Every structure is written in structure tokens, then in C-alpha cells.
Amino acid sequence: MFQAPKGTRDILPPESDRWQALVGVFADVFGRAGYGLVQSPMFEDIGVFQRLGEGTEVVRKEMYDFFDKGDRHLALRPEGTAPVVRAFNQHRPTVPWKVWYLTPCFRYEEPQAGRFRQHHQVGAEAIGSADPDLDVEVIALQHDFYRALGLSRLSLRLNSMGSPGDRQAYAERLAAWLGQRVGELDDADRANAADHPLRVLDSKRERTMAVVADAPQITDGLSDDAAAHFERVQAGLDALGVAYEIDPRLVRGLDYYTHSTWEFAAGALTSAQNAVGGGGRYDGLAESLGGKPAPGVGFGAGIERILLAADAEDALTETAGAVDVFVVDVTGGNAGRDLTFELRRHGISADRAFDARSMKAQMKVADRSGARLALLVGDDELESGIVTLRDLRSGEGQSALPRANVINDVAKRLAKESKPE
């Protein structure tokens with residue numbers, strides 16, 4: 001019997017109900033801010049992702065790449081931003097172009113808590129404006145998304161990578177500093193010390209992290225324009241009540257990041273694997289992918305890791321997976337079939353049993369369904385033109401409804417129960 005490949009997993013109901021609820025919250029929060037859904041191919045020309053940086057582990061070791069039957073070198077998407085920017089370059093929409101996405105991402109790495117070889121992300125990108133207030137908007141919306149899910153134990157780390165010139169000057173200064181300590185780094189990070197020092201600073205390996213704790217800080221060398229950009233971002237977050245901590249060592253090893261960079265962490269998870277989403281500004285990415293210059297800012301957030309944080313905080317427990325009404329029909333199935341579809345077509349979620357089961361068997365299915373109400377049709381009901389309503393939540397009593405009025409009566413009953421006390 002075949003099994004899901006290592007590093008992948010099946011998402012089944014009722015767990016998938018929580019996924020659906022999470023995506024619904026994300027779409028609502030960002031939709032109200034004018035962000036529309038974008039869907040790009042699951043695979044791209046490998047060059048789209050090589051722009052992440054030849055020295056990154058994503059490019060060197062983690063990408064799933066292959067040659068297709070036309071001998072084209074392609075890669076499964078390892079992250080969400082580059083494909084969106086490629087789509088922007090190709091279609092040249094009106095700016096600022098504000099979009100959100102839901103996508104699987106693929107990385108060949110050892111599975112860990114909340115991160116699989118196929119994991120899933122929601123994210124948002126805003127392309128076409130260098131205004132720091134757009135950074136504020138994206139960060140604040142991400143913050144509001146987590147809050148809308150019911151997460152409260154969150155922290156936000158914030159930093160600036162400065163302009164491309166600032167970044168380059170800092171990289172040179174950091175490389176010289178690391179060159180004097182290269183023997184103290186984790187073996188896996190030593191090769192990057194000279195040519196890709198920011199990736200050493202971005203390392204999550206404990207030995208390396210202990211060494212770089214005293215490294216020079218990028219914020220000490222920001223240009224006037226970059227410092228003004230960073231100050232405007234901080235002022236905007238302060239005005240919107242989004243708490244943050246400045247972390248000068250929060251950098252992005254991917255080559256395209258400039259200016260703002262940030263990361264949200266869930267305090268309910270262990271510190272080694274508590275990041276629930278991060279992003280930054282990438283003003284040079286569109287041009288590096290062959291397009292015209294177009295500044296951008298955005299983030300990605302792993303769904304699996306967010307749900308772990310929700311579990312730890314007992315959040316996102318109420319989902320819309322259960323139907324409102326379960327129809328039980330022991331008269332042959334015609335009445336149940338017709339009534340179920342009539343309910344659905346009037347906006348009431350409904351389900352029924354199949355295979356001509358007994359009343360007892362169908363009621364067991366009704367109880368397991370999570371439905372609030374059951375509608376029963378037996379021979380007596382069919383002959384009398386009525387339907388018996390039973391409350392499955394309270395288990396108290398039942399009542400007879402005229403078949404002609406059942407939709408209105410059920411709708412009123414559900415509306416009454418949904419009203420707050």
C-alpha cells in the first residue's frame with residue numbers, strides 16, 4: 001500500500017476545516033485592504049529562483065529541480081515572492097499592485113515541526129511603490145491577521161537592511177569581522193563567511209549564533225535616506241499600536257532584500273522553531289528578474305507553523321466544518337434527496353445518509369456529523385406532509401413542521417440560535 005512521501009502529509013477533515021478557516025481569515029483581512037488573490041504556476045524556470053542567491057542553501061541544496069520533456073530546466077516553487085514578481089514583470093499591472101497568495105512550497109530538507117518538504121504558505125506582496133508607509137501597511141495587516149485568528153502571544157522583530165549600497169558596505173565589514181573568527185563558526189557556515197557573510201548572520205545554528213552575537217550591526221551604517229525610511233516605518237507601527245522590538249541582527253540571507261525586514265514569532269512555541277511568518281522589502285528583485293525597476297515589499301507565513309501556534313494557544317477551535325442540518329429519510333431516499341438540496345439552495349448547509357440505512361444507523365451518522373438539527377422523514381411524516389425536527393445539540397424534544405414551511409421554519413430556528421445572548 002502506497003504511503004505519502006517523506007516530508008509530506010495528507011490534510012483530511014476535520015483538520016482541513018481549520019485550514020479553510022485560516023485562509024478565510026487571511027483573505028478577509030487582506031481583501032478589505034484591496035489585496036486580490038494571485039495564482040502563479042507551481043513550477044518555474046529555474047532562473048527565477050536562482051536569483052535568490054547562488055550561495056543560499058535553497059539554491060544549492062534544497063530546490064526540487066528537473067528537466068522536462070522539452071529539456072527545459074524547471075524547479076518547484078521553494079518560496080512565494082519570486083514567482084509573484086515574475087508575474088508582475090510579465091503582465092505589468094497597474095501599481096501599486098497589491099496581491100495575496102496561497103501556495104504549496106517545496107524544499108528538500110529534513111522535516112521539522114511545522115515545516116515539511118511540501119509545506120504551505122499564505123503571503124502578500126505590494127509592488128510598485130517605495131513608500132515606507134506601504135511597509136507599515138503590510139506589517140500591520142500581517143499582525144491583524146494573527147490577532148484575528150486568536151493568537152495573542154506574538155512578538156515582532158524589526159530591522160533595516162538599508163539601501164543596496166548600505167547592504168554591500170555592511171557585508172564587506174561583516175566579512176572582515178567573520179574572517180577573524182571563522183574557526184569558531186559551525187562547520188556548515190564557514191564556507192559563507194567570506195562571500196556570503198549575511199547568510200552566516202542569518203544562520204540558526206547555535207554555535208554560529210553564539211559567535212555572531214557580538215557582530216557589527218547594520219543599523220550603525222545606514223545612509224540618511226535609509227535611516228529616514230526606517231524611522232517612518234517605526235513611527236507608522238507606533239501609531240497603529242503594533243508592538244515591535246528592534247533587532248539589528250535580523251537580516252535576510254536572500255540577495256534581494258533591502259530596507260525593512262521583520263519576523264513574527266509565537267511565544268507559545270519553542271524558541272528554536274517559533275517563527276510564524278516574516279518578510280521584507282525587495283526593491284531590486286523585479287529588475288534582477290529581467291523587468292523594469294519596481295520596488296516591492298511582502299511576506300510569507302507557513303500555515304502548518306501557524307496552526308501549531310494556534311494549538312498551543314487553544315485558538316481557531318471554532319470552524320465552519322459541520323453542517324447545520326442533517327436529513328434522515330427512511331422512506332426510500334427521494335424525500336431526503338429533495339429536501340437536502342432544497343435546504344442547500346436556500347443557503348442552509350445540509351447533509352444526509354445514503355445506502356438506505358435504518359433510522360438508528362442514520363441517526364448515528366447525524367450525531368457524528370456535528371449538525372445542529374436533524375430533519376426526520378418516515379412513512380408517517382411522508383403521508384401527513386410533515387417533517388420532524390430534532391435538536392441534536394440539546395437532545396431536548398422534537399416538533400412537527402409542515403413540509404411546505406420547513407425551509408422558513410428551519411432558517412428562523414438557526415437564526416435565533418446564532419444570535420448572541
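Table for the structure above
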item: Label-to-label distance, nm, for residues given as ASP220 and GLN398 (7 Å Cα→Cβ offset); result: 7.8
item: Label-point separation in nm, TYR64 to LEU414, each point 7 Å along Cα→Cβ; result: 3.8
item: Cα shape, the range 241-300, gyration tensor, a/c 1.5 rule; result: prolate
item: For ALA4, net neighbour charge (Lys/Arg +1, Asp/Glu -1) across residues whose Cβ lies under 12 Å away; result: +2
item: Of PRO93, VAL58, ALA82, farthest towards positive along the dipole that unit charges on Lys, Arg, Asp, Glu beta carbons give the range 33-109; result: PRO93
item: Stretchable slack from MET42 to ASP133, in nm (0.36 nm times residue separation minus alpha-carbon distance); result: 29.7 nm
item: Whether the chain is rounded, prolate or oblate, judged on the alpha carbon gyration tensor where a/c under 1.5 counts as rounded; result: prolate
item: Leading residue at positive end of dipole, the chain (Cβ point charges), from PRO13, VAL182, VAL25; result: PRO13
item: Cα→Cβ-extended label distance, 7 Å offset, between ALA4 and ALA33, nm; result: 3.0
item: Protection proxy ranking of 7-13, 349-355 - average other beta-carbon atoms within 10 Å, highest first; result: 349-355, 7-13
item: Alpha-carbon Rg/Rh ratio, for the range 200-359, with Rh computed the Kirkwood way; result: 1.24
item: Shape parameters for the range 62-183, alpha-carbon atoms, Rg then Dmax in Å; result: 18.6, 50
item: Cα centre as origin, Lys/Arg/Asp/Glu Cβ charges: the chain dipole, Debye; result: 780
item: Using alpha-carbon coordinates, inclination of helix 359-369 to the longest axis of the chain, degrees; result: 20
item: Electrostatic dipole magnitude of the range 1-152 [Cβ: Lys, Arg +1; Asp, Glu -1; Cα centre; debye, to 20]; result: 280
item: The range 281-353 - Rg (one decimal) and Dmax (whole number), Cα, Å; result: 24.1, 68
item: Residues of the range 372-386 with amide N under 18 Å of a point placed 7 Å along Cα→Cβ from THR331; result: 374-386
item: Helix axis angle, 15-31 relative to the chain longest principal axis, alpha carbon, degrees; result: 60
item: Spread of Cα-to-Cα distances over 10 Å intervals beginning at zero, given as percent, for the range 105-164; result: 15, 35, 38, 12
item: Gained length - THR270 relative to ALA228, 0.36 nm times residue gap less alpha-carbon distance; result: 11.6 nm
item: Pairs beyond 24 Å (Cα-Cα), from LYS6/LYS61; LYS6/LYS98; LYS61/LYS292; result: LYS6/LYS98; LYS61/LYS292
item: The chain: angle of helix 164-179 to the longest principal axis, Cα-based, in degrees nearest 10; result: 70
item: Residue-span extension gain [ASP195 to ASP380] - 0.36 nm each, minus C-alpha spacing; result: 58.4 nm
item: Among beta bridges that DSSP assigns inside the range 252-403, antiparallel share in %, nearest 5; result: 70
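None of the figures in this text is laboratory data; all of them are computed from the coordinates on show. The structure displayed is predicted, hence computed values, not measured ones. Cβ: placed from backbone, ideal geometry, glycine included. Neighbour counts: every protein chain shown.
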